[in-house]
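**Student:** One structure is given below, represented as structure tokens, and several questions about it will come after.
The values are calculated or read from the model by the stated rules, or taken from the named source; none is laboratory data. Keep in mind that what you see is a predicted model, and the values were worked out from it rather than measured. Don't worry about glycine lacking a Cβ; one is built from the backbone with ideal geometry, like all the others, and counts go over all protein chains shown. SASA here: full protein model, heavy atoms, side chains in, ligands and nucleic acids out. Shrake-Rupley method; radii C 1.70, N 1.55, O 1.52, S 1.80 Å.
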Amino acid sequence: YHIVLQPPTLDDPQADAERVLAALAEQHGVKGLTFDIEALRKLPSRARDAKWDLMAIVWQGGPAGGSIVELRPAAEPGHVLGLAVDVGTTTVAAYLVDLRTGRVYSTESGMNPQVAFGDDVISRLYHALHNEDGVRELQQTLITEVNGLARKALARCGATPHDIFDVVMVGNTAIHHLFLGL
């Protein structure tokens, strides 16, 4: 949401966070939001550097109604991206998506590096259960691959990891557990 704030004065000393929440309600009808702690920490300097002309990136939903996850200068809103990752037994595919428009910027794929521990899920689970660092090894190889695919996808559209605001990973139950280190 693009918001323009009035700077505080001695006659109007309202806190920056309250100013942002009021502007979102007045300018866009968005109410019931909370702040992500990192966005709140950056707010004072971001608001002043941007001369009170901001882009608020909001994660909608949840029990509180939503959360402000980032504030950027409206003149430089940057990308607002999501990364969708499909982890299969043999391949990993990553899709970098513009969360505002739904446009897929780029797709990257590669072999699932867990094949080094077995061609099938049962072999990988056996490795995880019978090796002291098995779960960590399987998790780390997959995380490294996903990070590599994300970096390639980001490079294609001139974005940075800070432009990714959501990640969704899908896979079968065993792959999911191994990805999470369970």
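**Student:** What pairs come up if the first residue lies in region 169-181 and is in contact (Cβ under 8 Å) with a residue 40 or more places away in the chain, the second is charged (D, E, K, R) and crowded, with 17+ Cβ neighbours inside 10 Å, and their beta carbons are under 9 Å apart, counting only those six or more places apart or on different chains?
**Tutor:** Ala174/Arg124; Ile175/Arg124; Leu178/Arg124
**Student:** Give region 73-111 a look and list any residue that's surrounded by fewer than 18 Cβ atoms within 10 Å (Cβ to Cβ), more than 30 Å from Val4 (Cα to Cα) and within 14 Å of the chain's Cα centre (by Cα), or say none.
**Tutor:** Of everything in region 73-111, just one residue is surrounded by fewer than 18 Cβ atoms within 10 Å (Cβ to Cβ), more than 30 Å from Val4 (Cα to Cα) and within 14 Å of the chain's Cα centre (by Cα), namely Ala84.
**Student:** Would you say Gln114 is buried (at least 17 other Cβ atoms within 10 Å of the Cβ) and in contact with a Gly (Cβ under 7 Å, 6 or more places away or on another chain)? Talk me through it step by step, then tell me what you get.
**Tutor:** Values: buried (at least 17 other Cβ atoms within 10 Å of the Cβ): yes; in contact with a Gly (Cβ under 7 Å, 6 or more places away or on another chain): no.
Against the criterion (buried (at least 17 other Cβ atoms within 10 Å of the Cβ) and in contact with a Gly (Cβ under 7 Å, 6 or more places away or on another chain)), Gln114 does not qualify.
**Student:** Considering Gln14, Gln60, which residue is under 19 Å from Val168 (Cα atoms), open to solvent by 60 Å² or more (accessible area, probe 1.4 Å), of a type outside the set (Gly, Ala, Ser) and out of contact with any Phe, Trp or Tyr (no Cβ under 7 Å at 6 or more places or on another chain)?
**Tutor:** Every option except Gln60 fails the conditions.
**Student:** Just checking, how many residues over region 117-164 are more than 18 Å from Ala94 (Cα to Cα), basic (Lys, Arg) and open to solvent by 80 Å² or more (accessible area, probe 1.4 Å)?
**Tutor:** 1
**Student:** Under the condition of being part of a helix (DSSP H, G or I) and closer than 12 Å to Glu76 by Cβ, which residue from region 38-60 is nearest to the chain's Cα centre (by Cα)? It would help to see each step written out before you state the result.
**Tutor:** We begin by selecting, within region 38-60, every residue part of a helix (DSSP H, G or I); these are 38-49.
Imposing the further condition that a residue be closer than 12 Å to Glu76 by Cβ reduces the set to 46, 49.
Values: Arg46: 20, Asp49: 24 Å.
Filtering region 38-60 for residues that are part of a helix (DSSP H, G or I) and closer than 12 Å to Glu76 by Cβ, the one nearest to the chain's Cα centre (by Cα) comes out as Arg46.
**Student:** All but one of (1) open to solvent by less than 50 Å² (accessible area, probe 1.4 Å); (2) modelled with pLDDT under 95; (3) farther than 22 Å from Asp163 by Cβ hold for Glu70; which doesn't?
**Tutor:** The single condition Glu70 does not satisfy is (3).
**Student:** For region 165-179, name all the residues that are open to solvent by 40 Å² or more (accessible area, probe 1.4 Å), more than 21 Å from Glu70 (Cα to Cα) and touching a strand residue (DSSP E or B) at 6+ places or on another chain (Cβ under 9 Å).
**Tutor:** As a first pass, look at region 165-179 and keep what is open to solvent by 40 Å² or more (accessible area, probe 1.4 Å): 165-168, 170, 172-173, 176-177, 179.
When the remaining residues are screened for being more than 21 Å from Glu70 (Cα to Cα), the result is 170, 172-173, 176-177, 179.
Answer for region 165-179, where residues must be open to solvent by 40 Å² or more (accessible area, probe 1.4 Å), more than 21 Å from Glu70 (Cα to Cα) and touching a strand residue (DSSP E or B) at 6+ places or on another chain (Cβ under 9 Å): Val170, Asn172, His176, Phe179.
**Student:** Since Gly118 meets every condition but one in (1) within 21 Å of the chain's Cα centre (by Cα); (2) at positive phi, which condition does it not meet?
**Tutor:** The failed condition is (1).
**Student:** Moving to a separate point now. Which residues, taken from region 67-76, are part of a loop (DSSP other than H, G, I, E, B), of a type outside the set (D, E, K, R) and free of Cβ contacts under 8 Å to residues at least 60 places away in the same chain? Please lay out each step first, then the result.
**Tutor:** Restricting attention to region 67-76, the residues satisfying the condition of being part of a loop (DSSP other than H, G, I, E, B) are 74-76.
Filter again for of a type outside the set (D, E, K, R), leaving 74-75.
Within region 67-76, Ala75 is the sole residue that qualifies.
**Student:** Being small (Gly, Ala, Ser) and touching a residue at least 12 places away in the same chain (Cβ under 8 Å) is the filter; apply it to region 17-57 and report the residue that is most open to solvent (accessible area, probe 1.4 Å).
**Tutor:** Once the filter is applied, the top-ranked residue is Gly32.
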